[in-house]
1. Evaluate the relative contact order of the chain (contact order divided by residue number), counting alpha-carbon pairs under 8 angstrom at least 6 apart; express in whole percent.
2. Output the 0 to 90 degree angle, nearest 10, between the alpha-carbon long axis of helix 109-121 and the longest principal axis computed from the alpha carbons of the chain.
3. Helix-only mean residue ellipticity at 222 nm, the chain, DSSP H runs n ≥ 4 weighted -39,500 (n - 2.57), per residue, nearest 500. What is it?
4. For segment 84-197, how big is the tail of P(r) above 19 Å, as a whole percent of Cα pairs?
5. So which residue, out of 255, 276, 87, gets the largest mean-square fluctuation from a GNM of the chain using Cα contacts under 10 Å as springs?
6. Run the accessible area of the chain with a 1.4 Å probe and give the carbon-and-sulfur part as a rounded percent.
7. Between 0 and 90 degrees, rounded to the nearest ten: what's the tilt of helix 138-153 against the longest Cα principal axis of the chain?
8. Can you figure out the FRET efficiency of residue 262 with residue 304, using R₀ = 22 Å and their beta-carbon distance, to the nearest 0.05?
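The values are calculated or read from the model by the stated rules, or taken from the named source; none is laboratory data. None of these values were measured; they are calculated from a predicted model. Cβ: placed from backbone, ideal geometry, glycine included. Neighbour counts: every protein chain shown. For the accessible areas, the whole protein counts, side chains as well, though only heavy atoms, and no ligand, DNA or RNA atoms are used. Shrake-Rupley method; radii C 1.70, N 1.55, O 1.52, S 1.80 Å.
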Amino acid sequence: MSASVTTGIVIKTTGSCHTVKVDSGEVLQCGIKGLFRTKGIRTTNPVAVGDRVDVAIAEQGRGIIVNIYPRKNYIIRKAINLARESHILAANIDQAFLMITLKSPVTLSMFVDRFLVTAEAYRVPTILIFNKTDLYGPMELGMQYDWISAYTLAGYPCHTLSLINGKGLEEIRAYLPGKITLLSGNSGVGKSSLVNVLDPFKNLKTSEISISNKSGKHTTTFPEMLELSSGGQVIDTPGIRGFGMLEIEKSELYHYFPEIFKYSKNCQFYNCSHTHEPGCSVREAVENGEIAEMRFLNYLGMMEGVNNKYR
């Protein structure tokens, strides 16, 4: 007698074991059948949180993933220490929260822009959340103002947040009902802490910032989709120190900077790289303050080493 097949969504992956919540509500621990590939991309995890899958039920509480449905989108990055391999953070996402801290730890603007370029390439709308604002002094507040100005010019929603005093929390909460939201950012920026505040019943593990290197420790070990009691689902992901891009050619990089793409239509040359050509509307827009210099400098940096691993 053949095993019955049901459909569900992957809510956690831990190496070779995948937790699937099937449409009936049952949660199964599953392996995979054969080798799955994503359009020829070599990935360290062929099954990702957020995937819709078919599962053959082998026994009570266990099953085998026999089919992965086409993804509407996903966030992918270079795998650590594997130049030709990639790692899918999550699939079928409605939106991403990229959490940024300008103190304890410090998020680099290049990290933010690499994430945003990848999100644009794979059609994932992104909201920027500046967390730990209760720690900011005059220098950090000035930097936050500059960053929010830059990313607002680029068309990204920006919000400030303090989980200590709750300022900004309701604006964040309003994005969540009915959506699958990816939480991403460096280690220690407060992803798991945000989930705990949004839904105290989750009680996710958090840790202090390392005093020696002012960076966060990994408290979330594997990506996991969590259902919020107030509605919606969030995918809590392990903190990442660098975001290595892949599959993006230098000639098309500007497509994924929305404000650069907007002004590029008026450049003198159709194949303008926006680095040195005469009649470049993009560089003119930077000089006029219509494109933030920080964003443009990061674009130039990526053009110089678009395929290099982020440091």
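1. Computed value for the chain: 15 percent relative contact order.
2. 60
3. -6500 deg cm²/dmol
4. 44
5. Comparing 255, 276, 87 in a Gaussian network model of the chain, the most mobile one is 276.
6. 53
7. 80
8. 0.45
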